[in-house]
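Reviewing the structure listed below.
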Amino acid sequence: MPLELYSSYSREDVHDFYDPKSTFKVGTGSWGIHGIIRVPERRGDFVLFVTLGKKEREHQFDESINEEGILRWQSQPHQDLNSSAIRELVRHDEKTNNVYLFLRASALRGGVAETFTYLGTLKYAGHDLERINPVHIAWELMEWPIPPEVLSSMRLSLVKETDNVRMEPDTATPRLIEEAPPIGRESAGETSRAFLARKMRYQSSDQSRALGLAGELLVLERERLKLGSVVA
């Protein structure tokens, strides 16, 4: 039976679904503690366990989901762009492989370990070239938007961001930042400034074609009106 979108699961539940042949031990092994886990016998598929607000020793993770469905995700501090799993993640192609997201808004609820909610699969949307310990990757949630009742149940707050506008540190005047084109499978990444400015989901090819057609029809309508006024 497949996992149900927006249902809650423990780490052991997820382990039993993806890796039933191995033994699960609480607090040990990949399934017991790791945030990035390869799915056995499915090369290129990963499970991501994300706990927002997590802190490990002196490192505070800064992760969130914004109102456009972009997950800002960080690797472990010891991982960099040369780590094998990270290399695979930044080359991820959602058409051929899956990255499954299990997320919780906090580690505990009422003093008891919180379960993870399955939020579907992810699409790679970019990574930061300058901040690499930990690595910062942006992901699009393929299943979007999250229903309000699910957000409420998870106690998950979406980050509000001003689309395509970034405040410069030395001025109160907002300045438009041009969005970079969609990143290919062999992306070399982008600067921290460009990465932080990226807040929008990429349009699908169908959406792009529809937008282009709408623009062409608008131009034709304007030309028609011009010709009409000349004839009159």
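The values are calculated or read from the model by the stated rules, or taken from the named source; none is laboratory data. All of these numbers come straight from a predicted model, not from anything done at the bench. Using ideal geometry, Cβ is built from the backbone for each residue, glycine included, and neighbour counts are taken over all protein chains shown. With ligands, DNA and RNA removed, areas are computed over all heavy atoms of the protein, side chains included. Shrake-Rupley method; radii C 1.70, N 1.55, O 1.52, S 1.80 Å.
Considering only region 82-92, I want to know if a residue exists there that is under 18 Å from Ser7 (Cβ atoms) and at pLDDT 95 or above. The answer is no, given that none of the residues of region 82-92 is under 18 Å from Ser7 (Cβ atoms) and at pLDDT 95 or above. Looking across region 1-20 at every residue that is open to solvent by 60 Å² or more (accessible area, probe 1.4 Å) and either at pLDDT 95 or above or polar (S, T, N, Q) (or both), the one that is farthest from Arg42 (Cα to Cα) is identified as Ser8. Residues that are within 23 Å of Tyr9 (Cα to Cα) and of a type in the set (Asp, Glu) within region 63-86 comprise just one, Glu63.
What do you reckon, is Ser106 among the small types (Gly, Ala, Ser) and exposed (fewer than 15 other Cβ atoms within 10 Å of the Cβ)? Yes. Taking (1) within 26 Å of Phe102 (Cα to Cα); (2) at pLDDT below 60 in turn, Glu178 satisfies each apart from (1). For region 115-128, the criterion of being loosely packed, with under 14 Cβ neighbours inside 10 Å and of a type outside the set (S, T, N, Q) is met by none of the residues. Whether a residue is open to solvent by 30 Å² or more (accessible area, probe 1.4 Å), without any contact (Cβ under 8 Å) to a residue 60 or more places away in the chain and not polar (S, T, N, Q) was assessed, and Arg131 does not pass this test. Could you list all residues from region 137-160 that are free of Cβ contacts under 8 Å to residues at least 24 places away in the same chain and either of a type in the set (A, V, I, L, M) or assigned to a loop (DSSP other than H, G, I, E, B) (or both)? Residue satisfying the conditions is Leu151 alone. For region 21-38, which residues satisfy the criterion of being more than 20 Å from Lys123 (Cα to Cα), open to solvent by less than 40 Å² (accessible area, probe 1.4 Å) and in contact with a strand residue (DSSP E or B) (Cβ under 7 Å, 6 or more places away or on another chain)? If the condition is that a residue be more than 20 Å from Lys123 (Cα to Cα), open to solvent by less than 40 Å² (accessible area, probe 1.4 Å) and in contact with a strand residue (DSSP E or B) (Cβ under 7 Å, 6 or more places away or on another chain), then Trp31 is the only one that fits.
Okay, residues lined up against (1) modelled with pLDDT of 95 or more; (2) surrounded by 15 or more Cβ atoms within 10 Å (Cβ to Cβ); (3) hydrophobic (A, V, I, L, M, F, W, C); (4) not in a strand (DSSP E or B):
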| position | (1), (2), (3), (4) |
| --- | --- |
| Pro40 | yes, no, no, yes |
| Gly53 | no, no, no, yes |
| Asp62 | no, no, no, yes |
| Ile65 | yes, yes, yes, no |
| Arg72 | yes, yes, no, no |
| His78 | no, no, no, yes |
| Asn97 | yes, yes, no, yes |
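Residue-by-condition table, conditions (1) modelled with pLDDT of 75 or more; (2) in contact with an Asp or Glu (Cβ under 8 Å, 6 or more places away or on another chain); (3) not aliphatic (A, V, I, L, M):
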{"position": "Asp128", "(1), (2), (3)": "yes, yes, yes"}
{"position": "Met142", "(1), (2), (3)": "yes, yes, no"}
{"position": "Ser153", "(1), (2), (3)": "yes, no, yes"}
{"position": "Met167", "(1), (2), (3)": "no, no, no"}
{"position": "Asp170", "(1), (2), (3)": "no, no, yes"}
{"position": "Thr173", "(1), (2), (3)": "no, no, yes"}
{"position": "Ala188", "(1), (2), (3)": "no, no, no"}
{"position": "Arg193", "(1), (2), (3)": "yes, no, yes"}
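Residues of region 1-37 that are touching a Gly at 6+ places or on another chain (Cβ under 9 Å) and within 14 Å of Tyr100 (Cα to Cα): Leu5, Tyr6, Arg11, His15.
Scan region 105-123 residue by residue and report those that are within 14 Å of the chain's Cα centre (by Cα) and closer than 21 Å to Thr51 by Cβ.
Of everything in region 105-123, those that are within 14 Å of the chain's Cα centre (by Cα) and closer than 21 Å to Thr51 by Cβ turn out to be Tyr118, Leu119, Gly120, Thr121, Leu122.
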